[in-house]
Amino acid sequence: MRWIRPSAWLLALWMAMPAAAQIKIAVVGPMSGEHASMGEQLRRGAQAAVDEINTQGGLLGQRLELLVRDDVCDEKKAATIAKELSEAGVVFVDGHLCSGASIAASTIYHQHGIIQITPASTNPEFTNRKLPNVFRTCGRDDMQGFVAADYIVRNHKNKPVAILHDSTVYSAGFARMTQHHLNKAGLQQRFVAKIEKGQTDFSAILNRMQTEKIRFVVFASYGNEAAAFLRQAREYKLKFRMLGGDALMNKAFIEQAGRLADGVLITFPPDPSHDRRNQALTKRYLAQGYRPEAFTFYSYATVQIWSQAVKASQSTAMPAVAKTLKSREFDSVLGKVSFNQHGDISEPGFVMYAFNRGEIDYLD
């Protein structure tokens, strides 16, 4: 009998052993491009939740493996990624960020039995189609539009209003719902104008604002465009208040706009980093040199809530997990959370913030 050296014996034993069982999940969002700062929020939220679960022994006796994919907020790219993740055996997706991407991917996820929970896509159409596999830990455009319109009516009802939006699903939806609730409350905007992604020349709109004496602008678009708009508006010496949506809730907009961002209003759900129950998690992020913002906790919550539903149903299969998600309440970094039969979250709603000297503060 030939003697096998211990090192070779251990290697042979290791090669003969089956690979450790893992459950594949994914986080998908714009990890590059102009929205990369928000994609980072999704990634960091998901990764921290996965690390916490694995530290505690995993899920159903298996470790979680997190795949990170970059859809650059593009609908076609999102659909391609959805097909790839389906073939890779992924059972759950935290994402996407942009509503158009989430909607494009969701049908493919449904066809392959994958649960999708978005921490950021607010367009009502995402859940209105009643696909059983889709959920969100954020609010909806119709609620966000109501909050924005209600604030304007209560605080700026005598100021002429203009509404600007781009062609993305998110932007058009937020603008449409804000306009709807403004009109319902008896306030008519002076005009609605469409802008282009990447636009830097707003002279036609600014000239019209001068003519119409606009004093309040609903800017339903993204940080690059908002910063460019504010810079050019300064040259026109126009005085107005601006309100944006959650697409401005990130450090990239502040870095681009600088002090021009001061006073800009924003609608966004409550900030979980202010919740004392999340102090330990916030400290862990800060120790890594990262300040959690905006969607970080909402992404963390998607993984956290999904994992609780898996434990409760003792299965990763979509029908069982979806049924559990719609039938009970979950403890999360967002507080106690439940979903309706469409997959919309019970809480949180939206509150108002204002930019001030590089910080984002609750509006009193």
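Structure notes:
- HIS110 falls short on exactly one of the conditions (1) surrounded by fewer than 24 Cβ atoms within 10 Å (Cβ to Cβ); (2) under 18 Å from the mean Cα position of the chain (by Cα); (3) not β-branched (Val, Ile, Thr), and that condition is (2).
- Of all residues in the stretch 144-159, those that are crowded, with 16+ Cβ neighbours inside 10 Å have Cβ atoms under 6 Å from Cβ atoms of residues that are of a type in the set (Ser, Thr, Tyr) and part of a helix (DSSP H, G or I), 6 or more apart or on another chain, in GLY145/THR178; ALA148/THR178; ALA149/THR178.
- Residue check for SER32: under 16 Å from GLN116 (Cα atoms), free of Cβ contacts under 8 Å to residues at least 60 places away in the same chain and not hydrophobic (A, V, I, L, M, F, W, C): no
- Close Cβ contacts (under 8 Å, 6 or more residues apart or on different chains) running from residues in the stretch 182-196 that are at negative phi and aliphatic (A, V, I, L, M) to residues that are in a loop (DSSP other than H, G, I, E, B) and open to solvent by 20 Å² or more (accessible area, probe 1.4 Å) comprise LEU182/GLN188; LEU182/GLN189; LEU187/LYS157.
- Identity of the residue in the stretch 250-272, assigned to a loop (DSSP other than H, G, I, E, B) and buried (at least 21 other Cβ atoms within 10 Å of the Cβ), that ends up modelled with the highest pLDDT: VAL264
- Selection from the stretch 188-221 of residues that are closer than 22 Å to ASN155 by Cα, open to solvent by 20 Å² or more (accessible area, probe 1.4 Å) and not in a strand (DSSP E or B): GLN188, GLN189, ARG190, GLN210, GLU212, LYS213, ARG215
- Of all residues in the stretch 231-249 being farther than 22 Å from VAL147 by Cβ and of a type in the set (A, V, I, L, M), the one that is least open to solvent (accessible area, probe 1.4 Å): ALA233
- Every residue from the stretch 342-361 that is closer than 15 Å to ALA309 by Cα and part of a loop (DSSP other than H, G, I, E, B): GLY343
- Odd one out for GLN232, checked against (1) under 20 Å from HIS35 (Cβ atoms); (2) modelled with pLDDT of 95 or more: (1)
The values are calculated or read from the model by the stated rules, or taken from the named source; none is laboratory data. The shown structure was predicted, so the numbers you read here are calculated from the model rather than taken from an experiment. Note: ideal-geometry Cβ built from the backbone for every residue, glycine included; neighbour counts use all protein chains shown. Note: areas computed on protein heavy atoms with side chains; ligands, DNA, RNA excluded. Shrake-Rupley method; radii C 1.70, N 1.55, O 1.52, S 1.80 Å.
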